[in-house]
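The values are calculated or read from the model by the stated rules, or taken from the named source; none is laboratory data. Just so it is clear, the structure is predicted and the values come from calculations on it, not from any experiment. Surface areas here come from the heavy atoms of the whole protein model, side chains and all, with no ligands, DNA or RNA. Shrake-Rupley method; radii C 1.70, N 1.55, O 1.52, S 1.80 Å.
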Amino acid sequence: GAFADGWFERGRVLVQGGVAAGLVAAIKSDRPEGAERALALWSPLPAGLVAGDLLRLEAGCDKRAETCREKFGNFLNFRGFP
């Protein structure tokens, strides 16, 4: 509940523990499922995850000026054409 729906879409998941440690995957979608979040990846990880594996989720960016300003508070470094 700390993050808005879709907060991690277009982001990355980095596996930091377990058999899949060191693997990285792109996040396709992110939606709430009750008290948890459901992530869909663009391609599956070559090694499976198990309960207790440590993951790091990085927020995704849709390359829009509004997202840079509102989500990341970083409009001064926006390099696109608003």
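Could you provide, to the nearest whole Å², the per residue accessible area of the chain with probe 1.4 Å?
73
Pick from Gly52, Gly17, Gly60: which residue has the top mean-square fluctuation in a GNM of the chain where Cα pairs under 10 Å get a spring?
Its mean-square fluctuation being the largest, the pick is Gly52.
Below 8 Å, C-alpha to C-alpha, sequence gap of six or more: please give me the relative contact order for the chain in percent.
30
Per-residue HN-Hα couplings for the stretch 9-16, Karplus 6.51 cos²θ - 1.76 cosθ + 1.60 at θ = phi - 60°, whole Hz, x for Gly and Pro?
Here the 3J(HN,Hα) series is 4, 6, x, 9, 10, 10, 8, 10 Hz.
Taking Rg and Dmax of the Cα atoms in Å as the quantity of interest, determine which of (1) 14.2, 47; (2) 14.4, 43; (3) 11.6, 33 was computed from the displayed structure.
Looking at Rg and Dmax of the Cα atoms in Å for this model, the match is (2).
Let me check something: with ligands and nucleic acids excluded, how do Cys68, Cys61 order by accessible area (1.4 Å probe), largest to smallest? Working shown, then result.
Working: Cys68 20, Cys61 45 Å².
Order by accessible area, largest first: Cys61, Cys68.
Based solely on its DSSP helices, what 222 nm [θ] is calculated for the chain when runs of n ≥ 4 H residues each add -39,500 (n - 2.57) and the sum is averaged over all residues, nearest 500 deg cm²/dmol? Numbers along the way, then the final one.
Values: 1 runs with 6 residues, N = 82.
Rounded to the nearest 500, it is -1500 deg cm²/dmol.
Using a 1.4 Å probe on the protein chains only, how many percent of the accessible area of the chain belongs to carbon and sulfur?
The computed percentage sits at 54.
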